[in-house]
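Only one structure is covered here, and it is reproduced in the block below.
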Amino acid sequence: MTRTILVTGGCGFIGSAVVRALLADPAIAVVNLDALTYAANPLTAAALERLPRYRFERGDIGDGALVRRLLTQHRPDAIVHLAAESHVDRSIDDAAAFLRTNITGTAVLLEAAAAYWQEPANAVRDRFRFVHVSTDEVYGSLGPSGRSAEDAAHAPNSPYAASKAAADHLVRAWHRTYGLPTVTSNGSNTYGPYQFPEKLIPLTIVRALRGETLPVYGRGENVRDWLHVDDHAAALVQLLQRGRPGERYNVGGGNERRNIDVVNTVCAMLDELAPDIGGPHARRITFVADRPGHDLRYSVDTGKIRGELGWQPRVPFERGLRDKIAWYLANRLWWEPVAACTAGERLGLARAP
Ligand SMILES: NC(=O)c1ccc[n+]([C@@H]2O[C@H](COP(=O)([O-])OP(=O)(O)OC[C@H]3O[C@@H](n4cnc5c(N)ncnc54)[C@H](O)[C@@H]3O)[C@@H](O)[C@H]2O)c1
């Protein structure tokens with residue numbers, strides 16, 4: 001029997017990896033609801049079209065009539081909700097789209113999912129899951145030590161993180177109030193192929209390949225825990241299959257690195273894989289004004305998902321990074337048409353205090 005999973009945001013970076021991971025199972029069909037915002041690369045969307053048991057629906061998660069129609073038509077066994085505005089700097093410039101998609105859109109989706117799940121004769125009622133894909137940024141900034149466990153208070157500092165935290169609260173409420181079987185993941189900074197080149201690692205790769213300066217915010221001291229996209233997708237598939245309803249699970253790669261160290265490592269790898277005759281790529285590193293409200297460090301305690309589900313990250317950071325660089329070198333056609341965004345005006349500073 002084929003199980004149908006409704007994925008939202010499946011044309012994005014992590015969503016497309018989730019679609020590919022799900023469809024590796026011949027017993028799963030995927031319906032992908034994606035609005036194709038600027039963050040969805042048309043080539044990613046086109047590549048997904050070639051997969052078996054895949055169906056694409058272009059639309060907005062905030063369109064309740066559309067979401068209800070998809071649920072009635074496809075009768076999914078689960079929803080994996082990744083659709084979001086995801087770039088912190090853009091949220092600082094203008095939060096409106098983040099509030100609309102990440103909060104209101106999630107509420108619309110939850111409401112439609114609850115009504116569907118509550119249908120008296122719904123054959124998938126007992127196995128239905130709503131997997132909400134959130135971020136470690138909801139926990140806010142940590143000092144040099146310590147980790148956020150799942151029961152840590154939400155303390156978001158950017159409009160993006162606040163919008164994701166609000167969505168987490170909505171998901172919790174729809175579980176507690178209506179019984180909707182939700183599972184929330186709080187994943188750490190993710191890297192890998194198919195990532196829109198405005199985020200730190202692909203931005204550095206793309207700008208280095210074009211011989212541009214390599215901007216590092218502040219002094220590059222901010223620490224992130226890097227998680228390979230395939231490990232992130234595998235965790236979400238496991239949460240879908242075996243996560244306990246009403247629970248949240250941290251997902252982290254166990255690779256804490258300062259931004260400046262990540263950028264230096266990318267440069268060193270590029271020196272081997274794509275040498276610049278003018279000298280080491282690192283000579284182009286430029287420290288620029290810090291992001292307003294820039295969180296110093298995120299780190300999540302992943303004992304729960306490891307203990308309950310046996311999930312653990314498999315891709316060592318340096319190997320994943322090298323593979324990612326090789327992918328960007330081999331797939332210029334994927335990023336060149338959208339990379340204009342990395343050359344323009346600096347995002348996230350216009351309203352700095
Ligand atoms: N990238 C990370 O490091 C990271 C880490 C932890 C959690 N997350 C979360 O994972 C999810 C996916 O992140 P990503 O990096 O793949 O994002 P992304 O920006 O690459 O992709 C987002 C996708 O959502 C779609 N989308 C946006 N608004 C929509 C709407 N209103 N209706 C339908 N589709 C819409 C876009 O077209 C795009 O395909 C997000 O919820 C994000 O908060 C990301």
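Points to keep in mind about this one:
- Filtered by the rule that a residue be part of a helix (DSSP H, G or I) and modelled with pLDDT under 95, the range 163-199 gives no residues.
- Of all the criteria given as (1) assigned by TED's automatic domain parsing to the domain that holds E137; (2) more than 30 Å from R129 (Cα to Cα), the one not satisfied by A235 is (2).
- Candidates E85, E119, E57, E111 - the one that is closer than 24 Å to L227 by Cβ and either touching a helix residue (DSSP H, G or I) at 6+ places or on another chain (Cβ under 8 Å) or free of Cβ contacts under 8 Å to residues at least 12 places away in the same chain (or both): E85
- G10 over 16 Å from the mean Cα position of the chain (by Cα), assigned to a loop (DSSP other than H, G, I, E, B) and not assigned by TED's automatic domain parsing to the domain that holds Y328: no
- Applying the criterion of being under 20 Å from D225 (Cβ atoms) and not polar (S, T, N, Q) to the residues of the range 185-195, the residue that is farthest from the ligand (Cβ to nearest atom) is P193.
- Residue check for A29: free of Cβ contacts under 8 Å to residues at least 40 places away in the same chain and either within 19 Å of G192 (Cβ to Cβ) or part of a strand (DSSP E or B) (or both): yes
- Each residue in the range 62-94 was checked for being over 16 Å from the mean Cα position of the chain (by Cα) and at pLDDT below 95, and 3 pass.
- For the range 292-322, a residue qualifies if it is aliphatic (A, V, I, L, M) and in a loop (DSSP other than H, G, I, E, B), and the qualifying residues are L296, V315.
The rows are residues; the columns are (1) of a type outside the set (S, T, N, Q); (2) more than 15 Å from the ligand (Cβ to nearest atom); (3) touching a Leu at 6+ places or on another chain (Cβ under 7 Å).
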{"residue": "T44", "(1), (2), (3)": "no, no, no"}
{"residue": "P52", "(1), (2), (3)": "yes, yes, yes"}
{"residue": "E57", "(1), (2), (3)": "yes, no, yes"}
{"residue": "G62", "(1), (2), (3)": "yes, no, no"}
{"residue": "A65", "(1), (2), (3)": "yes, no, no"}
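- Given (1) of a type in the set (D, E); (2) at pLDDT 95 or above; (3) within 16 Å of the ligand (Cβ to nearest atom), index of the condition D271 fails: (3)
- Meets criteria (within 16 Å of the chain's Cα centre (by Cα), in the same structural domain as Y160 (by TED's automatic domain parsing), farther than 21 Å from A235 by Cβ and at pLDDT 95 or above) for E111: no
- Conditions (1) more than 22 Å from the chain's Cα centre (by Cα); (2) modelled with pLDDT of 95 or more; number of the one not met by S299: (1)
- Among the residues listed as V171, V216, the single one being surrounded by 22 or more Cβ atoms within 10 Å (Cβ to Cβ), of a type in the set (A, V, I, L, M, F, W, C) and away from the ligand (no atom under 16 Å from the Cβ): V216
- Filter pass, D94 being of a type outside the set (F, W, Y) and either within 21 Å of T4 (Cα to Cα) or near the ligand (Cβ under 10 Å from one of its atoms) (or both): no
The values are calculated or read from the model by the stated rules, or taken from the named source; none is laboratory data. These figures come from a predicted structure and were not determined experimentally. Cβ coordinates were reconstructed from backbone atoms using ideal geometry, including for glycine residues, and neighbour counts include every protein chain displayed.
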